[in-house]
Amino acid sequence: MTTPAKMTVHVSRPEKGRVPSSLVILLHGLGADGRDLLGLSGPWRDFLPDTVFVAPDAPFACDMAPYGHQWFSLRDWSPRAIRAGVEKTAPILDAFISAQCAEYNIPPARTALVGFSQGTMMALYVAPRHKEKLAGVLGYSGGLVGGEDLAANKQFHRLPICLIHGEADDVVPVAAYTLARRTLGAAGFPVSGHTTPGLPHSIDDAGIETGGEFLKENLER
């Protein structure tokens with residue numbers, strides 16, 4: 001399966017005979033591909049038996065490894081370069097969300113984004129700016145890009161956000177979690193989540209459990 005952005009998409013559908021009633025779009029981190037996060041659909045099936053999970057490969061080849069994909073380059077970690085990269089790719093992801101809602105005949109209100117690391121940065125940027133309000137964003141080990149725009153722009157959707165981060169993350173330090181929660185909360189977003197002592201740049205069982213509960217609550221409203 002491909003999209004107009006020519007991204008390969010990995011899919012996990014409900015059991016045979018069950019018609020999807022909600023959609024979760026999983027956005028992987030730097031150097032990975034869609035299959036990296038699609039495994040989350042397994043433990044989340046108990047929470048979401050009628051959900052279709054789609055996990056695209058990011059649209060660009062990773063420029064820091066001979067394999068994998070990226071949403072934008074991270075050769076330069078300066079805030080200016082990261083924002084430029086996110087803004088460049090945002091229209092691709094925005095169109096992808098609309099295309100997947102149309103393909104599965106699922107409204108944005110029953111569609112959630114899940115991101116890891118760079119995928120979280122993309123999800124937190126695109127979701128509030130999407131033309132229709134999505135069900136929520138679940139972000140692991142990432143950060144907020146363009147947060148300075150949120151409080152001033154009342155047109156952005158104040159959708160539910162759940163952020164989960166390891167306190168021993170040496171790739172995206174846990175300070176990014178603290179800043180994102182503070183900025184989103186101040187801008188009127190309902191924010192939940194937690195940090196985990198000793199957890200590096202990864203997702204643990206507690207984070208999967210919390211994420212599943214968040215998705216169930218917001219996709220079954």
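The values are calculated or read from the model by the stated rules, or taken from the named source; none is laboratory data. Owing to the predicted nature of the structure, the values given are computational and were not obtained by experimental measurement. Reconstructed Cβ throughout: ideal geometry from the backbone, glycine too, with neighbour counts over all protein chains shown. Remember, those area values only see protein heavy atoms, side chains included, never the ligands or the DNA or RNA. Shrake-Rupley method; radii C 1.70, N 1.55, O 1.52, S 1.80 Å.
Given the C-alpha centroids of segment 148-218 and segment 82-135, what is the distance between them in whole angstrom? What the calculation gives is 16 Å, centre to centre. A simple rule links phi to the HN-Hα coupling: the Karplus curve 6.51 cos²θ - 1.76 cosθ + 1.60 with θ = phi - 60°, which for segment 200-215 gives x, 7, 6, 10, 10, 4, 5, x, 5, 5, 4, x, x, 5, 4, 5 Hz, with x for Gly and Pro. By DSSP, the beta bridges lying fully in segment 24-138 are antiparallel in about 25 percent of cases.
What's the FRET efficiency of residue 98 with residue 167 using the Cβ-Cβ distance as r and R₀ = 45 Å, to the nearest 0.05?
Working: r = 36 Å, r/R0 = 0.81.
Efficiency for this residue pair is about 0.80.
By accessible area, using a 1.4 Å probe on protein heavy atoms only, segment 128-175 has 52% of its surface on carbon and sulfur.
A simple spin-label model places the labels of residue 35 and residue 65 1.3 nm from each other, with each point 7 Å out along Cα-to-Cβ. The mean sequence separation of alpha-carbon pairs under 8 Å and at least six residues apart, normalised by the residue count of segment 31-143, gives a relative contact order of 18 percent.
Across segment 10-148, counting alpha-carbon atoms alone, Rg and Dmax equal 14.6, 49 Å.
Select from segment 50-145 those trypsin sites (Lys or Arg not before Pro) which occupy a DSSP coil region and have at most 16 other Cβ atoms within 10 Å, ordered by residue number.
Values: sites: 75, 80, 83, 88, 110, 129, 131, 133; in loops: 75, 131, 133.
In loop regions of segment 50-145 (DSSP not H, G, I, E or B), the sparsely surrounded trypsin sites (Lys or Arg not before Pro) are 75, 131, 133.
Go ahead and estimate [θ] at 222 nm for the chain from helices alone: -39,500 (n - 2.57) per DSSP H run with n ≥ 4, summed, over the residue count, rounded to 500.
About -10500 deg cm²/dmol.
Using the Cα gyration tensor of segment 153-221, with a ≥ b ≥ c the square roots of its eigenvalues, what is the shape: rounded (a/c below 1.5), prolate (a/b larger than b/c) or oblate (neither)? Don't skip to the end; give the middle numbers.
On the way: a/c = 3.08, a/b = 1.30, b/c = 2.37.
Oblate, because a/c is 1.5 or more while a/b does not exceed b/c.
Distant-in-sequence amide contacts of residue 196, defined by a placed amide H-H separation under 5 Å and a gap of 5 or more residues or a different chain, comprise 165, 166, 167.
With every protein chain left in place, what is the accessible area per residue of segment 116-221 in square angstrom, probe 1.4 Å? Don't skip to the answer; put the middle values down first.
Details: 4330 Å² over 106 residues.
Heavy-atom SASA per residue in segment 116-221 reads 41 Å².
Residue by residue, segment 12-28 carries 3J(HN,Hα) couplings of 10, 9, x, 4, 3, x, 9, 8, x, 10, 8, 9, 10, 9, 9, 10, 6 Hz when phi is fed to the Karplus relation 6.51 cos²θ - 1.76 cosθ + 1.60 (θ = phi - 60°); x denotes Gly or Pro.
Could you tally up the Lys pairs in the chain with alpha carbons closer than 22 Å? Skip any pair fewer than 8 positions apart unless they're on separate chains. Could the numbers behind the result be given before it?
Working: 6/88; 6/131; 16/216; 88/131; 88/133; 131/154; 133/154; 133/216.
Number of lysine pairs found: 8.
Can you tell me the length gained on complete extension of the stretch residue 152 to residue 192, counting 0.36 nm per residue apart and subtracting the Cα distance? Fully extending the segment from residue 152 to residue 192 adds 12.2 nm. Within the chain, which is the longest segment containing none of the chymotrypsin sites (Phe, Trp or Tyr not before Pro) that sit in a DSSP loop and have at most 14 other Cβ atoms within 10 Å? Result, exposed sites excluded: 78-221. Once each of the GluC sites (Glu not before Pro) sitting in a DSSP loop with at most 12 other beta-carbon atoms within 10 Å is removed, the chain keeps 16-131 as its longest stretch.
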